[in-house]
Amino acid sequence: MTKETIKDKIVNALKGKENEILKTSEIIDLVLKKYPITNKTSVIPTDYCFNKKNKGSSKYELFEYISFGKLKYIGEEEIKIIGHASQSS
């Protein structure tokens with residue numbers, strides 16, 4: 001069994017929330033509800049935005065940055081379709 005990454009945990013916790021605008025705190029809460037032993041400070045949703053990059057942010061793109069504290073969950077499949085993914089499959 002392989003260890004789930006933070007990206008995997010976000011994707012699994014947000015299944016069915018595609019195209020919803022969520023608060024950053026809500027995203028973190030959903031991840032922690034599904035994976036209670038996850039370190040809260042390790043879940044940084046803005047690191048997964050395709051239109052906002054932080055230093056050292058992830059190569060995975062799952063969200064669209066809307067405004068401070070608000071992100072639209074695109075989901076990994078939709079990102080591939082619209083062509084924003086910076087990784088190749």
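Regarding S42, is this residue touching a Gly at 6+ places or on another chain (Cβ under 8 Å), of a type in the set (S, T, N, Q) and either at pLDDT 90 or above or surrounded by 11 or more Cβ atoms within 10 Å (Cβ to Cβ) (or both)? Spell out how you get there, then give the answer.
Values: touching a Gly at 6+ places or on another chain (Cβ under 8 Å): no; of a type in the set (S, T, N, Q): yes; either at pLDDT 90 or above or surrounded by 11 or more Cβ atoms within 10 Å (Cβ to Cβ) (or both): yes.
The answer is no for S42.
Every residue in the range 30-44 that is assigned to a helix (DSSP H, G or I) and of a type in the set (S, T, Y), please. Break it down into steps so the answer makes sense when it comes.
Of all residues in the range 30-44, those assigned to a helix (DSSP H, G or I) come to 30-34, 40-42.
Matches in the range 30-44: T41, S42.
Under the condition of being basic (K, R) and at pLDDT 90 or above, which residue from the range 46-73 is nearest to the chain's Cα centre (by Cα)?
Here is the first cut: in the range 46-73, the ones basic (K, R) are 52-53, 55, 59, 70, 72.
Retained after the next criterion (residues that are at pLDDT 90 or above): 70, 72.
Details: K70: 12, K72: 9 Å.
Within the range 46-73, the match that is nearest to the chain's Cα centre (by Cα) is K72.
Of all the residues that make up the range 1-29, how many are within 11 Å of the chain's Cα centre (by Cα) and part of a helix (DSSP H, G or I)?
11
The values are calculated or read from the model by the stated rules, or taken from the named source; none is laboratory data. Here the structure is a predicted model, which is why all the values come from computation and not from measurement. All Cβ positions, even for glycine, are placed from backbone atoms using ideal geometry, and neighbour counts span all protein chains on display.
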